[in-house]
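One structure is given below, encoded as structure tokens.
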Amino acid sequence: MEQDATLVAQTVAGNSAAFGLLYDRYAGIIRAICFDETREMHAANELAQEVFLRAFSGLAKLRSADRFAPWLVSIAKYVCREWRRGRRRDRHQYTSHVPETASSPDADTDDAAGRLRMAITRLPEQARLALHSFYLNGESAEIARQILGLSRAGFYKALERARRQLAEILQNTEETVP
């Protein structure tokens with residue numbers, strides 16, 4: 001597997017296929033980050049595309065190519081904040097005219113996967129990123145820790161904390177379901 005820095009350099013030199021490899025490597029975690037924010041798969045996919053468009057256009061400005069993954073995650077967080085602000089602004093502008101139609105966080109909890117997705121959205125950001133990168137996106141511990149910008153020990157500690165918190169959330173959810 002080629003290193004991110006090599007793929008970034010190839011992309012900047014005009015090899016768009018290299019960016020395609022970066023996309024394939026990180027699209028899953030970026031979509032997961034966007035889903036955590038939107039809780040709507042369609043919106044998450046659109047935001048993920050926006051993240052990669054911004055990354056592609058700003059790639060030449062990336063100072064440290066070996067930090068591509070954390071940079072991409074920061075773009076995703078920023079795009080999600082913009083989306084949230086836009087939703088808030090639209091809601092204030094149209095609340096007297098348009099009813100709220102966004103799906104509620106609990107709307108898609110009929111199946112186990114839906115309950116798990118919703119439970120993950122309730123975790124703190126670092127815990128969500130640890131779970132997404134390592135388990136859901138299937139990254140190695142080394143790549144996952146780089147995405148989070150943590151030491152090896154720090155990553156394993158964050159992952160253990162995330163698993164514990166997720167288990168508590170799921171247990172509390174099961175106890176409240178009739």
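The values are calculated or read from the model by the stated rules, or taken from the named source; none is laboratory data. The structure displayed is predicted, hence computed values, not measured ones. Glycine also receives a Cβ, built like all others from the backbone with ideal geometry; neighbour counts cover every protein chain displayed. Accessible surface is based on the protein model in full, side chains and every heavy atom, while ligands, DNA and RNA are left aside. Shrake-Rupley method; radii C 1.70, N 1.55, O 1.52, S 1.80 Å.
With the Cα gyration tensor of region 117-178 giving a ≥ b ≥ c as the square roots of its eigenvalues, does the rule (a/c under 1.5 for rounded; else a/b larger than b/c for prolate; else oblate) give rounded, prolate or oblate? Taking the square roots of the gyration eigenvalues as a ≥ b ≥ c, region 117-178 is prolate. Ellipticity at 222 nm from helices only: DSSP H runs of n ≥ 4 in the chain, each -39500 (n - 2.57), divided by the residue count, give -23500 deg cm²/dmol. Quote to one decimal, in nm, the extra length available between Asn15 and Arg84 on full extension: 0.36 nm per residue of separation minus the C-alpha distance between them. Between Asn15 and Arg84, full extension yields 21.5 nm more.
Please give the length that would be gained between Arg164 and Arg152 if that part of the chain were fully extended, namely 0.36 nm times their separation in residues minus their C-alpha to C-alpha distance (nm, one decimal).
Value of the extension gain: 2.5 nm.
Modelled this way, with points 7 Å down the Cα-to-C-beta line, the labels at Ala60 and Asn45 are 3.2 nm from one another.
Would you mind checking the tilt of helix 41-58 against the longest principal axis of the Cα atoms of the chain, expressed as 0 to 90 degrees and rounded to 10? With both axes taken from Cα atoms, the answer is about 20 degrees. Simple point charges give the picture: +1 on the Cβ of Lys and Arg, -1 on the Cβ of Asp and Glu, and for the chain a dipole about the Cα centre of about 740 debye.
Find the accessible area per residue for the chain; the probe is 1.4 Å, ligands and nucleic acids are left out, and the unit is Å².
59 Å²
Checking (1) 17.8, 59; (2) 15.3, 46; (3) 18.9, 60 against Rg and Dmax of the Cα atoms in Å calculated from these atoms, the matching label is (1). Quick one: helix 16-38 against the long Cα principal axis of the chain, what's the angle to the nearest 10°, folded into 0 to 90? In the chain, helix 16-38 runs at an angle near 20 degrees to the longest axis. Fully extending the segment from Arg67 to Arg122, taken as 0.36 nm per residue of separation minus the present Cα-Cα distance, adds 17.1 nm. Per-atom-type breakdown for the chain gives carbon and sulfur 51% of the accessible area (1.4 Å probe, protein chains only).
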